[in-house]
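The structure appears below as C-alpha cells.
Just so it is clear, none of the values below were taken in a lab; they were calculated from the coordinates. On a predicted model such as this, the values are computed, not experimentally measured, just so you know. No Cβ is skipped: glycine too gets one built from the backbone with ideal geometry, and neighbour counts run over all protein chains shown.
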Amino acid sequence: MRYSALALLRGALSAHRNWVPAWRSPQPKSAYDVVIVGGGGHGLAAAYYLAKNHGIRNVAVLERGWLGGGNTGRNTTVVRSNYLYPESARLYDFSLRLYEGLSRELNFNMMLSQRGHILLAHSRHDLESLSRWANAMHMNGIEAELLTREQVGERVPALDLSSGARFPVLGGFMQRRAGTARHDAVAWGYARAADALGVDILQNCEVTGFETGAGGRVVAVHTGRGRIAAGRVGIAVAGHSSVLAKLAGFRLPVRSYALQAMVTEPLKPCLDKVVISPGTGAYVSQSDKGEIVIGGGLDLFPSYAQRGSFAVLQSVLAATLEMFPCFSRLRLLRQWAGIVDVVYDSSPIIGPTPVPELYINCGWGTGGFKAIPVGGWTLAHVLATGRNHELAEPFQLSRFVSGRLIDEAAASGIAH
Ligand SMILES: Cc1cc2nc3c(=O)[nH]c(=O)nc-3n(C[C@H](O)[C@H](O)[C@H](O)COP(=O)(O)OP(=O)(O)OC[C@H]3O[C@@H](n4cnc5c(N)ncnc54)[C@H](O)[C@@H]3O)c2cc1C
C-alpha cells in the first residue's frame, strides 16, 4: 500500500478501516540465505539494501524485543556529517545524502529537518579547534561555516551571550545540512520497505547461540524460536555486540555504556537549530512536538542497565541551564538511556569477523543514528559479496591489528 494524500483521504472516508499492517509477522523458516541479528535501524537498513541493491530476498531480521526498541528508538535524532578525518567524512556524508532522499525512496516520512547544527566555542582554544575542524571539512568537500559570537546569537537568541555567563560563547561553527530526523520513522520505514521486498522480520526472537560447521564457518543461529540455518549471518546489535561476539567465540574492542537523554514539557517554537557545546558536554534541540530534547556524554562506567546515572543527568542539566537560563522553569517530562557500543578509537567496526561467513556492524557508540543508511548499505554489501564496501574498508576489525586507527574523538575533541 502506497502512503499518499489520496490514501489518507480514502482512509478518512472509510473510517480508517482500509489500513493494512506496515509489515507481516511471519513464522520463522528453517533456513535463510542471510540472517541479520538485531532489528534496530542498522539491521533493518541492511536487510532492505540486501533485497534492493543485491536482489537477496531470502533474508530474516531477528529482533529479541520490538523493532527500534534499542538505541534507534532512544536517541536524540541528530544527523550530521561534520567529521574530521577523510574516512569518516566520506562515510557519514554518504549517509546524510541517503537520508536526504529516504522519505521518497521508502515512501515513509522521515521528518528530516535540515535545520543546521551549531557547535559552540567557549574559549580561544575552542575557536582554534573549530577553525581546524571547519578547514578539514572543506578539504573533504563538506560545507562548514564559522560563526562569530554575534552570528551565533542571531541564530540562537535563547542562548545566554552576556559577559557574565559561566560558559561565555566566543563563536561557533555550523553545518547547514545537518539537523534531525524522526528516529522511529527510520526503523519503521526500513522495516516496511524490507518486508515489501520479501524480508521476514521476526520480533521476540532472541539469538542465543551460533552453530559452526566445516572450517569453523557459521551455519545456523539458535534462537528462542528454534534453530535457523543461514548461508551468512550479520550482527547489528549495538550495545550487545560483545555479548553476541562472545557467543560466537571471539572478542571485540568494544565497551558498553549507558547514554542518557531527556525531554522537557513542550513549548512554542523557540529553538530552530541543534546546539552542541562540546566544552560542557551538553546538546539541545527542540522536537516537532515542542519538547526541548537534551543530551550529553556517556555515563562513566560500563553498564548494561538502561537507566543512566544521576550524576551525569545533573551535570548535563546544569550545563544546559548555564547556557539557556530561560529553560530553568521547564519541567522534565521523561529521561531514559540506551546502551551504546564504544570502541577505543571512537569509530565503527564494519565487515568480517574471525568466524567465516559471520559479519558485524557495531561500534557506532553515541553517534550511529545518523549512520543508519550507510551502516545498512555497507553491511548489506559485505553480506552479499563477502568483500567490504570501499567506504567501510578503513573501518574493519583488522585495524586493531594493523594499528590504523581513526580516532575521531581525540581529533575533534568531541565525545564521539
Ligand atoms: C540517549 C542516546 C542518544 C543518542 N543520540 C544520537 C544522535 O543524536 N545522533 C546519532 O547519530 N546517534 C545517536 N545515538 C546513537 C544511536 O542511537 C545508535 O548508534 C544507533 O541507534 C545504533 O543503531 P543499531 O541499529 O546499531 O542498534 P539498536 O537500535 O540498539 O538495535 C540493536 C537491536 O539488537 C537487538 N538485540 C540485542 N541482542 C539481541 C539478540 N541476542 N538477539 C536478537 N536481537 C538482539 C536489540 O533489542 C536492539 O533492538 C544516541 C544513542 C542514545 C542511547
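Structure notes:
- Normalised by the number of residues in the chain, the average gap of Cα pairs under 8 Å and 6 or more apart makes the relative contact order 22 percent.
- Over 26 Å (Cα to Cα) - which of 29/52; 52/273; 273/370; 52/246 fall in this group: 52/273; 52/246
- Amide proton proximity set for residue 235, modelled H, under 5 Å, gap of 5+: 37, 359, 360, 361
- Of 137, 111, 1, the sequence from fewest to most neighbouring Cβ atoms within 10 angstrom is 1, 111, 137.
- Across the stretch 169-182, computed HN-Hα scalar couplings (Karplus, 6.51 cos²θ - 1.76 cosθ + 1.60, θ = phi - 60°) run 9, 9, x, x, 8, 10, 10, 5, 6, 7, x, 9, 9, 6 Hz from first to last residue, x flagging Gly and Pro.
- Packing rank of 7-17, 386-396, where each peptide gets the mean count of other beta carbons within 10 Å, highest leading: 386-396, 7-17
- Rg/Rg_ref, the stretch 263-400, where Rg_ref = 2.2 N^0.38 Å and atoms are Cα: 1.30
- For 119, 112, the sequence from fewest to most other C-beta atoms within 10 Å is 112, 119.
- Per residue, the Cα convex hull of the chain amounts to 142 Å³.
- For the stretch 307-404, the dipole from Cβ point charges (+1 on Lys and Arg, -1 on Asp and Glu) about the Cα centre works out to 420 debye, to the nearest 20.
- Phi angles of the stretch 15-31 translate, via the Karplus equation with coefficients 6.51, -1.76, 1.60 and θ = phi - 60°, into HN-Hα couplings of 6, 6, 8, 8, 6, 10, x, 5, 8, 7, 10, x, 7, x, 7, 7, 8 Hz per residue; Gly and Pro are given as x.
- 5 angstrom amide H check on residue 230, placed H, neighbours 5+ away: 32, 220, 221
- Descending Cα extents along the principal axes, the stretch 34-186, whole Å: 61, 31, 25
- Degrees between helix 86-106 axis and first principal axis of the chain (Cα, 0 to 90, nearest 10): 70
- Charge tally in the Cβ shell below 11 Å around residue 330, where Lys, Arg are +1 and Asp, Glu are -1, residue 330 excluded: 0
- Coupling constants for the stretch 156-161 follow from the phi torsions by the Karplus curve (6.51 cos²θ - 1.76 cosθ + 1.60, θ = phi - 60°), and in residue order they are 10, x, 6, 6, 7, 9 Hz; glycine and proline get x.
- For the stretch 277-326, the convex hull spanned by the alpha carbon atoms encloses 93 Å³ per residue.
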